[in-house]
Amino acid sequence: MAAPRAPLHLVAPLWNTGTRGIRGLSRVAAPEGNQKKGRSLLQFLADRFYDVQALREYLLRKQAWKMHQKNRPFTYIKERYGPYAAGAYFILKLGGAVKFQGKEWIRSNARGHFSLDFLKLQTVPVEAVDASGCAINYQGLDSLCEWGGSGAPCICPGVVGSRKALSANTSPAPTPTVALKELQVLWLQRCPHVDDWCLSRLHPLANSLQELSLAGCPKISERGLACLHHLQNLRKLDISDLPAVSNPGLTQILVEEMLPDCKVVGADWAQGLKLGQEEQ
């Protein structure tokens with residue numbers, strides 16, 4: 001005689017131990033075949049947990065490697081055509097645009113292709129760079145302003161420590177060798193990887209840089225903006241729409257005091273005061 005079939009309500013506790021969403025899907029127990037499939041799927045996920053974790057770590061390493069490749073310096077172009085052409089080639093490969101002195105803007109097309117005629121302008125300085133929305137990071141800024149010698153970073157009041165391990169050597173920092181020493185305009189708005197450390201990398205451009213746009217960069221905070229005190233020749237600075245800045249109005253006032261000859265574009269100073277009053 002065949003064993004009696006188990007009542008359906010005895011199967012319900014197996015599903016009630018799940019999430020609230022599963023428990024509220026239906027009050028009627030699922031067919032036995034679907035239950036076996038569900039248990040098999042959960043067992044499969046449990047067995048493959050470490051495989052998923054390893055896959056996630058692999059994808060993160062691959063993403064970091066791609067970012068490193070995008071921001072690598074084009075040394076062979078620099079050695080053959082000079083720093084101006086190498087810097088322009090780097091920006092164009094990222095999808096940005098460059099403007100040589102006395103020339104029109106050079107941009108890549110929809111497919112990312114661009115003419116290499118600018119390689120003939122070996123002695124013509126690059127005066128403007130538009131890297132808006134590009135995947136440029138701290139390493140990639142070496143193509144615009146690079147250090148001669150050991151590559152020691154600038155230590156500014158707002159950023160403590162360094163990306164690179166600093167030894168106990170207290171020797172003075174080497175004199176910087178600026179790749180684009182005549183660069184006057186630099187647009188970095190909406191760059192997802194531009195952070196406070198990147199701003200500490202811009203000080204070699206202090207003698208030439210007159211306009212800088214950081215609008216919409218999600219990783220820039222007040223600490224990074226403090227590094228801009230080196231850029232005393234700035235005439236226009238855009239720091240609008242910086243989500244990591246806690247008090248935009250007050251920050252703009254402090255930046256204006258730090259750079260008195262610069263026009264700072266950002267949030268209305270009263271906006272920060274109103275937000276502070278509402279919080280109180």
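The values are calculated or read from the model by the stated rules, or taken from the named source; none is laboratory data. What you see is a predicted model, and the numbers here were worked out from it, not measured in a lab. Cβ sites come from the backbone with ideal geometry, for glycine too, and all protein chains shown count toward neighbours. Ligands, DNA and RNA are excluded from the accessible area calculation, which covers all protein heavy atoms including side chains. Shrake-Rupley method; radii C 1.70, N 1.55, O 1.52, S 1.80 Å.
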Using the structure shown, decide if residue 64 is more than 19 Å from residue 193 (Cα to Cα) and outside any strand (DSSP E or B).
no
Name, by its number, the condition in (1) closer than 30 Å to residue 128 by Cα; (2) at pLDDT below 85 that does not hold for residue 70.
(2)
On the basis of being open to solvent by less than 80 Å² (accessible area, probe 1.4 Å) and at pLDDT 85 or above, does residue 91 make the cut?
yes
Leading residue by the ranking (modelled with the lowest pLDDT) among those in segment 177-207 that are farther than 17 Å from residue 97 by Cα and surrounded by fewer than 18 Cβ atoms within 10 Å (Cβ to Cβ):
177
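Report yes if residue 32 is modelled with pLDDT under 85, among the charged types (D, E, K, R) and open to solvent by 20 Å² or more (accessible area, probe 1.4 Å), otherwise no. Spell out the reasoning first.
Working: modelled with pLDDT under 85: yes; among the charged types (D, E, K, R): yes; open to solvent by 20 Å² or more (accessible area, probe 1.4 Å): yes.
It is true that residue 32 is modelled with pLDDT under 85, among the charged types (D, E, K, R) and open to solvent by 20 Å² or more (accessible area, probe 1.4 Å).
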Flagged pairs (Cβ under 6 angstrom, 6 or more apart or on separate chains; first in segment 191-203, over 11 Å from residue 136 (Cβ atoms); second part of a loop (DSSP other than H, G, I, E, B) and β-branched (Val, Ile, Thr)) are 196/159; 200/159
